[in-house]
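Here is the structure we will look at, set down as structure tokens.
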Amino acid sequence: MNWYTLKTGILLAAMTGLVLFIGDWLGGGSGLIFAFFFAIAMNVGAYWYSDKVVLRMYKAREVSEAQAPGLVGTVRRLAQRAGLPMPKVYIIPQPTPNAFATGRNPQNSAVAVTEGLLDLMSQEELEGVLAHELGHVRNRDILISTIAATLAGVIMMVARWLQFSLFFFGGAAGDDDSPGGVIGLIVLAVLAPIAALLIQMAISRSREYQADATGARIAGHPEGLAQALEKLDYASRRLPLEGGNPATAHLFIVNPFRGRSLLRFFSTHPPVEERIKRLRALR
């Protein structure tokens, strides 16, 4: 078992435990049983379908080489250079420049870029960004990222349901059976979204440094990616991604929600300045 497989198993086990805890808290024995089967379904679904969920969440559309010859041709060339199967290529209808890779393995991978990225980047910078994403594919860490995004989204959904219950029903559903009653529901409603953010932070920041270095080797030079990161850092501060789910932040090459002040304290990425410094040291 390699490290990526182990890390995925640890994440799934932790999330399963959290779901079981919430089920037991809210519904006792019956809630625990329901949560158990729900956790099984969630884990299976996350493994097989989380990439599709994330792509659908951002309204990504698959493009062919006839539709986007420059983009798809660049991905094909870089994938061949990296010794990877050709991934599917998607464009996200967002003006915020960003990109991510997803899929459970290199044979079922996808690279998605926003319209804003295509408008902003030079060819050399675009190659750097795409090579970084293919670095994630080559390093086999896209599965855990996509699963984390799906599971963190589930936790955020539970948090919103609890908040809705407290607001409209005063926590009546949990008064008799849950150990902490209304207070317990309030605690869960507050802690669940924090847990979702902590999951993203638990995804090692070293994976971004590793993908940067791998991407620089795939592209053949580090400067394109370094310049792209400078542009992305500037743009993400002034044009945060609209309508996205913060639980997916760690999928992107830079945090697309960093314009929201609270999320600065839960950064899922290492400092861009340090990433650029390391890339330029590779010359």
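The values are calculated or read from the model by the stated rules, or taken from the named source; none is laboratory data. The structure displayed is predicted, hence computed values, not measured ones. Note: ideal-geometry Cβ built from the backbone for every residue, glycine included; neighbour counts use all protein chains shown.
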If we keep just the residues of the range 229-254 that are at pLDDT 95 or above and of a type outside the set (A, V, I, L, M, F, W, C), which is farthest from residue 122 (Cα to Cα)? 230
Being in contact (Cβ under 8 Å) with a residue 60 or more places away in the chain, surrounded by fewer than 19 Cβ atoms within 10 Å (Cβ to Cβ) and part of a loop (DSSP other than H, G, I, E, B), is that true of even one residue in the range 93-115? yes
Does residue 64 fit the bill of being among the hydroxyl-bearing types (Ser, Thr, Tyr), modelled with pLDDT of 75 or more, touching a helix residue (DSSP H, G or I) at 6+ places or on another chain (Cβ under 7 Å) and on the phi < 0 side of the Ramachandran plot? yes
Among 226, 202, which is at pLDDT 90 or above and either closer than 20 Å to residue 256 by Cα or aliphatic (A, V, I, L, M) (or both)? 226
Selection from the range 53-70 of residues within 22 Å of the chain's Cα centre (by Cα) and surrounded by 16 or more Cβ atoms within 10 Å (Cβ to Cβ) yields 53, 54, 55, 57, 58, 60, 63
Select from the range 91-123 the residues that are out of contact with any strand residue (DSSP E or B) (no Cβ under 7 Å at 6 or more places or on another chain), of a type outside the set (S, T, N, Q) and closer than 17 Å to residue 76 by Cβ and write down the one among them that is modelled with the lowest pLDDT. 106
